[in-house]
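What follows is a short report on a single structure.
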Amino acid sequence: MDMNQYLSMFIDESNDHLQSLNENMLLLEQTPNDLSIVQIIFRSAHTLKGMAATMGFEDLASLTHQMENVLDLVRNEKLAMQDFIFDTLFKGLDALEAMVEDITQGGEGKADVSAIVADLQAIVRGEAPSAGSTKSAGSAPAKQETNTAIQLDEFQYSVLQQSIAEGHRVLYIDVAIRDDCQLKAVRAYMVFDLLEKSGEVIKSHPTVQDIEQEKFEKSFSLYYITQKDPAELKQQILNVSEIDQASVVELDHESLQQMAEMGTASAQSAAAVAEETKPAPAAAPAAETKDNKPASAAKPAAKTGSAPARTIRVDIERLDVLMNLFSELLIDRVRLEQLASEVQNHALTETVEHMSRVSSDLQNIVLKLRMVPVDTVFSRFPRMVRDLAKSLDKKLELVITGAETELDRTVIDEIGDPLVHLLRNAVDHGIESPQDRIAAGKPETGTVHLRAFHSGNHVFIEIEEDGRGIYRENVLKSALKKGVVTEEEARGMSDEQVHQLLFAPGFSTAEKISDVSGRGVGLDVVKAKITSLGGQVTIYSTPGKGTNFSVQLPLTLSIIAAMLVKMGSEKYAIPLSSIVETSIVKKEQIRQVHGNKMVDFRGSMIPLISLSRIFEIPDFHEENENETEIIVIHKGDRLAALAVDEFIGQNEIVLKNLGKYLPQIKGISGATILGDGQVALILDPNVFIK
């Protein structure tokens, strides 16, 4: 029987089961005695095993069977869950995900899982796994570096691939210290200190902690991002006392991918891979397509499809074409409605009204086809944060709200990596250790909030933690040291401008080298990616209390409901989702507070913003009017009032980009073509509320 026709179904269902296994394992870790959760986990594992065996993926079926044996003992109350059992099962889930991703990429789903199988069999026999076997990738004990690869996780791999895409150099460096060296850790520190001055160390083997404690033989390897010439860097490393050999190999997209897949652990193999892939065309960067991620680093997102028989996979480009065609149809519909009202022909009016109703239903379907809940991205973060907290010996809780918020599929596909960067940064650098939190009078367990919500024509995703916060003086000290700003510039900078320094390339306030992150590691990549999506990221921080990274993203919908208004001879559109209500205020109701105009709105004073002043509209002067029409807008729970000349009415409009030839205009998110053929600018209300 030809199994290829069932492959797509197998991949979708396997990813669903893997996501369910991860989520329920995390729940079970909170309530280890809840056998009902164990039953759910066992059924998912049993189904996955049967599917894999039917499709002929023996390695996957074998590993799942061993995990099933452990779960069977737990559900029959013959085995109690313990930390090392959870760690082993989670490690097994990582291997299963890697194998399914390999199958997705066209591979056979094979992997060497003998170590994990041995640990699972030991648990069934009532023994604990071998020491160190349940550690995460990259944290294997020292003295095995000649046989153990540098395992890049999803975060580290995406940092390296995106850095190449941004024009940085990604280097694989291998350093050997002389056999007679008495202070290996000191020489290694000198090399790391040299490297930190002109770039970022992303991952080393052995780990930095093991190197500091001299838990390594005579060599160490690392992945490094810089702008420096490799030959010059190699000479500087060799100039460090008691360094025997140094190899520096520059990588491109393809060679990095092959190294990650091979688990390259030597300079010789790195050089061979780089040489082999040099003539080949560079692969697309991992940041642009998840398909280019290696099996060892990828974490497949949960699929949103229901039963396979009721779903169909459609190329996103076809949806783009459908959206563009419908946008043109909408412009013609609005034009027909206007013509019908002018002609006053009953039959024509009736036909146009029916067409409007049908096209409105069609519009809702077309829009929903492209919209995906952010939960498809958020669902993988609890497991990631759990593993990260364990590796850093921190206690924390991840609180997710607004996971049902929908975002355009093209944005969903790209926003995952930046959020991974920000979350890791929050956990590693933001949240303090339990001891430091207790000393500061805080709960031992830190809290990281991940929330999403709609506001106007945008979606906001916020990552907020109750950690140590950002100290202005620390940021400026590091910025001055690295030459990012001058002392004169630093004195005149606001807190908001200081916070933005964290996004400077290579900037970090970390006092200690870390394999996870430092404040600033990858943040320039985060900002570049969010900006490329038409969004922006803002930092709010209170020293000692915590930090909030707020990411604003456009919905990127081509059709929105809007209120059309007139100011002078110009027409503008304001998204209905940003409008609280419309009203009229008399001249005497306008107050002056600290030089700003304010109006009373339901017992609260809110700012009155003059759009005529902002957009310099010469023939509109609301100060000469006895009454002023206002539109009350909101951004979250913050309000403001916009003064307009005249209300035209509500309408559905097609959002058109202003294009590359017009500069980015603050407060304008695009333009639309009205039914009479005129062009109206679309306002971005979020810009007017600070």
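Just so it is clear, none of the values below were taken in a lab; they were calculated from the coordinates. None of these values were measured; they are calculated from a predicted model. Quick reminder, even Gly has a Cβ in these numbers, built from the backbone with ideal geometry, and neighbours come from all protein chains shown.
Tabulated data
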quantity	calculated
Residue-wise HN-Hα coupling along segment 205-221, computed from phi with Karplus coefficients 6.51, -1.76, 1.60 (Hz; x: Gly, Pro)	9, x, 5, 4, 4, 5, 5, 4, 9, 6, 8, 7, 6, 10, 9, 8, 10
Table column - 3J(HN,Hα) (Hz), segment 45-53, Karplus curve with 6.51, -1.76, 1.60, x for Gly and Pro	5, 5, 5, 4, 4, x, 4, 5, 5
Extension gain (nm, one decimal) between Lys197 and Glu127, 0.36 nm per residue minus Cα-Cα	20.5 nm
Distance between segment 395-457 and segment 154-197 - C-alpha centres, whole angstrom	29
For segment 394-484, the spread of Cα positions along each principal axis, largest first, Å	42, 37, 22
Long-range HN-HN contacts of Gln151 with modeled amide H, under 5 Å	Gly138
Cα-based Kirkwood hydrodynamic radius, segment 569-622, one decimal, Å	13.1
Largest-first principal axis extents, alpha carbons of segment 195-239, Å	30, 21, 14
Sequence-distant residues sharing a close amide H with Ile682 (under 5 Å, placed H)	Ala573, Ser669, Gly670, Ala671, Thr672
Backbone HN-Hα couplings from phi across segment 240-247 [Karplus 6.51/-1.76/1.60, Hz, Gly and Pro as x]	5, 4, 6, 8, 7, 9, 8, 10
Burial ranking of peptide ranges 483-491, 34-42 (average Cβ count within 10 Å, highest at the top)	34-42, 483-491
Centre separation in Å (Cα based) which lies between segment 595-609 and segment 82-101	56
Counting all C-alpha pairs of segment 4-109, share separated by more than 24 Å (%)	21
Placed amide H near Lys203: partners under 5 Å, 5+ positions off or other chain	Tyr223
